[in-house]
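J.: The structure under discussion is supplied below as structure tokens; questions concerning it will follow.
The values are calculated or read from the model by the stated rules, or taken from the named source; none is laboratory data. Since the structure is predicted, the reported quantities are computational estimates derived from the model, not experimental observations. Using ideal geometry, Cβ is built from the backbone for each residue, glycine included, and neighbour counts are taken over all protein chains shown. Just so you know, the surface numbers come from the protein's heavy atoms only, side chains and all, with ligands and any DNA or RNA stripped out. Shrake-Rupley method; radii C 1.70, N 1.55, O 1.52, S 1.80 Å.
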Amino acid sequence: VGTFTGAGQPKVGDSVKSGQLLATLDSGEASAQMRATQAQVRAAEAQLALASDTDRRTQTMVQSGSVAEGAGVQSTQQRALAAALLDAAQAQLSLNQVALGNHRLAAPFAGSVTRAPDGIGAVVSVGTTLFEVDDLSHLKLKGTLGEQDAALVAPGAALSIDTEHGAVPGTVTAVLGT
């Protein structure tokens, strides 16, 4: 869940390039989670360093016979546990980095914006569609003709579609019967 901040966002009808920033989501919470996880990684690194040092010293004492072999097993397992905790913290950091990156909405390909939010400040959740970008270089138009006009249209025939922005040339690719 994030808050949509649409400053400078493209509007419906605007052309966008692949990778162009469409909008950002407020990343305050994700940034805080990232900092907390970075601290967890540093703590796990320190814990692993301590456990490794303790294991090294304990193994030396086990070899000299001054401590029981069980103490050596315990120190080795504590080092393994500290290593596993570091791995878990690093994995969580990777997840948080991905989550933080998801607060930047970019155009997946070049095209035209066909849907965009009207304002800013809306709270959005996973699965909410904010933008639609379409490649308008190839459009499929379906239409209906009367029986008397059907003979005038054939695959490969040139056509022109009048829009509010002017005429758009095209080609008939198929004619389907009823």
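J.: So if R0 is 25 Å, what FRET efficiency would ALA157 and ASP135 give, r being the distance between their Cβ atoms, rounded to the nearest 0.05? Please list the in-between numbers first.
T.: Values: r = 23 Å, r/R0 = 0.94.
The computed FRET efficiency comes out at 0.60.
J.: How much space per residue, in cubic angstrom, does the convex hull of the C-alpha atoms of region 81-146 take up?
T.: Taking the convex hull of the Cα positions in region 81-146, it is 177 Å³ per residue.
J.: With each run of n ≥ 4 DSSP H residues scored as -39500 (n - 2.57), what mean residue ellipticity at 222 nm is computed for the chain after dividing by its residue count and rounding to the nearest 500 deg cm²/dmol?
T.: Rounded to the nearest 500, the figure is -14500 deg cm²/dmol.
J.: So, one more: Determine the share of the chain's accessible area contributed by carbon and sulfur atoms, expressed in whole percent, with a 1.4 angstrom probe.
T.: Details: 6910 of 12450 Å².
That fraction is 56 percent.
J.: Something else: With N set to the residue count of region 58-113, report its C-alpha Rg divided by 2.2 N^0.38 Å to two decimal places.
T.: On the way: Rg = 23.5 Å, N = 56, 2.2 N^0.38 = 10.2 Å.
After normalising by residue count via 2.2 N^0.38 Å, the value is 2.31.
J.: log₁₀ I(q)/I(0) of the chain at q = 0.17, 0.19 Å⁻¹, via Debye over equal Cα point scatterers, no solvent, to two decimals?
T.: Listed by q, the Debye log ratios stand at -1.05, -1.16.
J.: Three principal axis extents, largest first, for the C-alpha atoms of region 41-138, in Å?
T.: So the three principal-axis extents are 79, 31, 17 Å.
J.: Where in region 56-158 are there trypsin sites (Lys or Arg not before Pro) that are in a DSSP coil and have at most 14 other Cβ atoms within 10 angstrom of their Cβ? Could you put the intermediate results ahead of the total?
T.: Numbers: sites: ARG56, ARG57, ARG79, ARG104, ARG115, LYS140, LYS142; in loops: LYS140, LYS142.
The qualifying sites are LYS140, LYS142.
J.: On to the next question. Please compute the per residue accessible area over region 120-178 with all protein chains in place, 1.4 Å probe, rounded to a whole number of Å². Mind showing how you got there, number by number?
T.: Details: 5170 Å² over 59 residues.
Roughly 88 Å² per residue, with all protein chains present.
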